[in-house]
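K.L.:
Below you'll find the structure I mean.
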Amino acid sequence: MNLPSFLWLWRIAAWSMGLSLFTYFLLAISGTWMLYFRSMERPRPDILRPLHLILGSILVLLILLLLGIGIVGTLGEYGKLGQSLHLIFGITVVVLVLISAVSGSKINRYSWLRFVHIGTNLLLLLGLISVTWTGWTVVQKYLP
């Protein structure tokens, strides 16, 4: 098959992954602040929760964008999925981000979900490290 170069797609993926990591870092900071104010039994700043929710929504969108790019790029280049461990790590990150988003959105109703949310986000850190590492090795195959 004579397909166009997917280099532009990998550039979008690289920027999206960088923004995802940066967003995760900001979420970790704002989440830690919320946990601090909660543990000190002090009122948190009014902007903190909305900021955390907005950042979380951005992370979900970026991860779903990366999923789409990965599927389109891999199918376009190879005609099938499953070329490396990157697929497994990528799907794991997508699932963890969605679990985190759902559990985070229900914390006010079910306080026990706070532990699920925090635990999921700690696992997500490992997932993001793994998907970044394997993604870097995958993208190296496409570079001239």
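K.L.:
Find how much the distance from I29 to S84 grows on full extension, using 0.36 nm per residue of separation minus their present alpha carbon separation; answer in nm with one decimal.
P.N.:
Going from the current span to full extension adds 16.6 nm.
K.L.:
Could you calculate the contour length gain from L126 to S39, that is, 0.36 nm times the residue separation minus the distance between their Cα atoms, to one decimal place in nm?
P.N.:
Extending this stretch completely gives an extra 28.8 nm.
K.L.:
Under a plain spin-label model, where a point goes 7 Å from the Cα along Cα-to-Cβ, how far apart in nm are F22 and S105?
P.N.:
If labels sit at F22 and S105, their model points lie 2.6 nm apart.
K.L.:
Given a Förster distance of 22 Å, report the FRET efficiency between K141 and V72 from their Cβ-Cβ distance, rounded to the nearest 0.05.
P.N.:
0.85
K.L.:
List every residue whose amide H lies under 5 Å from the amide H of S84, counting only residues 5 or more places away in sequence or on a different chain, with H placed 1.01 Å from N in the peptide plane.
P.N.:
Residues meeting the criterion, in which the H sits 1.01 Å from N, do not exist here.
K.L.:
What percent does the relative contact order of the chain come to when contacts are Cα pairs within less than 8 Å and at least six residues apart?
P.N.:
Worked out over the chain, it gives 26 percent.
K.L.:
For L7 and I91, what is the calculated FRET efficiency with R₀ set at 30 Å and r taken between the beta-carbons, to the nearest 0.05?
P.N.:
So the FRET efficiency works out to roughly 0.80.
K.L.:
Per residue, how big is the convex hull around the C-alpha atoms of the chain? Give it to me in cubic angstrom, could you?
P.N.:
103
Readers should treat all values here as calculations from the given coordinates under stated rules, not as data from a laboratory. Keep in mind that this is a model prediction, so the values were computed, not measured. We place every Cβ from the backbone using ideal geometry, glycine too, and count neighbours over all the protein chains shown.
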